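Visitor: Got a structure here, written out as structure tokens. Questions coming.
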Amino acid sequence: MDDFGTHLIPAPRGIRPTPSGGGAGFVLDEETGIDARPGTEGVARWMRATVGAATGLPLAPHTGGGNRILLRVLPGLGEQDGPEAHRIVVDGDLVEIAGAGEAGVFRAAQTFRQLLGPEAFRRGPVAPGRRWELPAVVVEDAPRFAWRGVLLDVARHFLPKDGVLRYLDLLAVHKLNVLHLHLTDDQGWRIEILRHPRLTEVGAWRPRTKAGHRASPLWDERPHGGYYTQDDIREIVAYAAERHITVVPEIDIPGHSQAAIAAYPELGNADVVDTAALTVWDTWGVSPNVLAPSEAVLAFYEDVLTEVLALFPSTFVHIGGDECPKDQWKASPAAQARIRELGLAGEDELQSWFVRHFDRWLAERGRRLAGWDEILEGGLAEGATVSSWRGYAGGIAAARAGHDVVMCPEQQVYLDHRQAPGTDEPVPIGYVRTLEDVYRFEPVPPGLTGAEAARVLGAQANLWSEVTENQQRVDYQAFPRLAAFAEAVWSQLPAPAERDYPAFERRMTAHYARLDALGVDYRPPGGPRPWQRRPGVLGRPIEGAPPIV
């Protein structure tokens, strides 16, 4: 896809010279107007706010005469490829930006911005008097997968609201369309719940934080915390919707719940542990403190989820369901009595009981439950969608059982994992996954039938934040690998071994200039810059051995 010097990322399905054969490009200037047909008004506003700001041009509504940018919805474009299918035609004094739905028009507008050059990604003009010219091309495109997601873990290290909004812009640039917000965990509760205010009054703060991997002896003694008010969440969701991105909330149950138990000790297994003495966890790993399997706990989380549903219109609501140690349930007389009362086979089925309850509860309200692949243990709830993180196996099992799947295997697309071997990487943990490794990621594993493969909704890159304590660190771990992931889930690529990685690298040369213009503190191809390293902060780089993460 190096044709015509466009260097587009993700690679489009088709790009060719404009059929007129005149070769005339399009010049964006003071006279250029936007002709926004019904259903494209939001895209026109976005173009004025971004492309208009970068170029210093008004991009006023077109009133006749002069060149124009035509935005329109053409449903026929999506007969085979859905509402994000789109087309751009650059020809003389007209640019047509068309999509099967408004989402398709918006995705096409991202391509339009790339065609203008990297300066179009700045927030103000840097080259007064510059000639803004687009090549005379036709670009036709549509995504391979409907779910092209990124998880941001804002629980372990809080990312302030402005950082989330910035990441939504970065997702939009790369034609990604799902932001999975990991809002609660042992180390922090990040969403205001009006019925239970101690969740943020107590659960949003911890007195100190482990520095580096959990095996590190180092501590950051500064208190850490923060949370999003309900108005913050409304703003994030609205900002995402303008960019045709769905925000999927995650409220973890029944494990990863120590912050909630610290705020409300009655949520824990008080018959086997002094829950009143628990605090928000200050280290990493899997806490043994899990929710008690009581009706009162179910009612509490129904309260929480009632407020969550009012804030997030997403069809999917993620309940975690992963890494739930069963030791407290095994020792708890109350938990054992609940197992007998419900006629369950053991603690795995007790976890499934939690999941099934909220699967039914969400379904009754028109929503769908998603959870990590541990929700397969003890029997999968009827309507559940599986986020397959422990490799492909959980996703394969779920697809074969008739459940939808989002592929996010840690061995492939955990972006908090190190990007190169050796000790130069800041806080190196997990598997080594290079830019090329991510580019060769394939969401659909071999061996599935056509019907089973259709259960793979798409894929998601997960960015956990134990060792990514601020925006700079998030940038470094995410980029440039997120650009490779975006192409793997958007573009119609050949089998992994047949992908043209050298051509992708050439296109990335242009894309690095876009990331520079956007202010992204990415990892350079040659390795980390001096200020990107974290000397002395220990990770877990065990070369040639399975990682301990």
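The values are calculated or read from the model by the stated rules, or taken from the named source; none is laboratory data. Keep in mind that this is a model prediction, so the values were computed, not measured. Neighbour counts are summed over all protein chains in view; Cβ atoms, including those assigned to glycine, are modelled from backbone coordinates with ideal geometry.
Visitor: If you go through the range 467-488 one residue at a time, do you hit one that is outside the structural domain of Glu84 (by TED's automatic domain parsing), at positive phi and buried (at least 23 other Cβ atoms within 10 Å of the Cβ)? Reasoning before the result, please.
Guide: Taking the range 467-488 and keeping what is outside the structural domain of Glu84 (by TED's automatic domain parsing), we get 467-488.
Subsequent filtering for residues that are at positive phi retains none.
Checking the range 467-488: not a single residue is outside the structural domain of Glu84 (by TED's automatic domain parsing), at positive phi and buried (at least 23 other Cβ atoms within 10 Å of the Cβ).
Visitor: Checking the condition in the same structural domain as Leu28 (by TED's automatic domain parsing), under 23 Å from Ser491 (Cβ atoms) and surrounded by fewer than 19 Cβ atoms within 10 Å (Cβ to Cβ), which residue from Asp81, Asp93 passes? Reasoning before the result, please.
Guide: Working: Asp93 fails: under 23 Å from Ser491 (Cβ atoms).
The unique qualifying residue is Asp81.
Visitor: Continuing with this model, one more query. Applying the selection to the range 309-343, what residues are touching a residue at least 12 places away in the same chain (Cβ under 8 Å), in a loop (DSSP other than H, G, I, E, B) and farther than 20 Å from Thr385 by Cβ?
Guide: Once the filter is applied, which keeps residues that are touching a residue at least 12 places away in the same chain (Cβ under 8 Å), in a loop (DSSP other than H, G, I, E, B) and farther than 20 Å from Thr385 by Cβ, the range 309-343 yields Pro325, Lys326, Ser332.
Visitor: How many residues, within the range 279-296, are crowded, with 20+ Cβ neighbours inside 10 Å and either without any contact (Cβ under 8 Å) to a residue 12 or more places away in the chain or more than 29 Å from the chain's Cα centre (by Cα) (or both)?
Guide: Initial filter on the range 279-296 (crowded, with 20+ Cβ neighbours inside 10 Å): 280-281, 284, 287, 289-293.
So of that shortlist, the ones also either without any contact (Cβ under 8 Å) to a residue 12 or more places away in the chain or more than 29 Å from the chain's Cα centre (by Cα) (or both) come out as 292-293.
Matching residues across the range 279-296 total 2.
Visitor: Separate question: Against the condition aromatic (Phe, Trp, Tyr), in contact (Cβ under 8 Å) with a residue 24 or more places away in the chain and surrounded by fewer than 19 Cβ atoms within 10 Å (Cβ to Cβ), how does Tyr431 come out, does it pass? Working first, answer last.
Guide: On the way: aromatic (Phe, Trp, Tyr): yes; in contact (Cβ under 8 Å) with a residue 24 or more places away in the chain: yes; surrounded by fewer than 19 Cβ atoms within 10 Å (Cβ to Cβ): yes.
When the stated conditions are applied, Tyr431 passes them.
Visitor: Select, from Gln472, Gln419, the only residue that is within 26 Å of Leu218 (Cα to Cα), touching a Ser or Thr at 6+ places or on another chain (Cβ under 9 Å) and not small (Gly, Ala, Ser).
Guide: Just one listed residue meets the conditions, Gln419.
Visitor: Report yes if Ala155 is modelled with pLDDT of 95 or more, of a type in the set (A, V, I, L, M, F, W, C) and in contact with a Lys or Arg (Cβ under 6 Å, 6 or more places away or on another chain), otherwise no.
Guide: Numbers: modelled with pLDDT of 95 or more: yes; of a type in the set (A, V, I, L, M, F, W, C): yes; in contact with a Lys or Arg (Cβ under 6 Å, 6 or more places away or on another chain): yes.
Judged against the criteria, Ala155 is a match.
Visitor: Against the conditions (1) surrounded by 20 or more Cβ atoms within 10 Å (Cβ to Cβ); (2) within 26 Å of Lys175 (Cα to Cα); (3) not charged (D, E, K, R), where does Gly519 fall short? Just the number, please.
Guide: With respect to (1) surrounded by 20 or more Cβ atoms within 10 Å (Cβ to Cβ); (2) within 26 Å of Lys175 (Cα to Cα); (3) not charged (D, E, K, R), Gly519 is out only on (1).
Visitor: Output the number of the condition that Gly64 fails; it satisfies all remaining conditions of (1) part of a loop (DSSP other than H, G, I, E, B); (2) of a type outside the set (Val, Ile, Thr); (3) in contact (Cβ under 8 Å) with a residue 12 or more places away in the chain.
Guide: Gly64 satisfies all of (1) part of a loop (DSSP other than H, G, I, E, B); (2) of a type outside the set (Val, Ile, Thr); (3) in contact (Cβ under 8 Å) with a residue 12 or more places away in the chain except (3).
Visitor: Quick one: in the range 318-334, which of the residues that are surrounded by 22 or more Cβ atoms within 10 Å (Cβ to Cβ) and of a type in the set (A, V, I, L, M, F, W, C) is nearest to the chain's Cα centre (by Cα)?
Guide: Step by step, filter the range 318-334, then rank; the result is Ile319.
Visitor: Of Thr385, Thr423, which residue is surrounded by fewer than 19 Cβ atoms within 10 Å (Cβ to Cβ) and in the same structural domain as Leu362 (by TED's automatic domain parsing)? Quick ask: steps written out before the conclusion?
Guide: On the way: Thr385 fails: surrounded by fewer than 19 Cβ atoms within 10 Å (Cβ to Cβ).
Exactly one of Thr385, Thr423 is surrounded by fewer than 19 Cβ atoms within 10 Å (Cβ to Cβ) and in the same structural domain as Leu362 (by TED's automatic domain parsing), namely Thr423.
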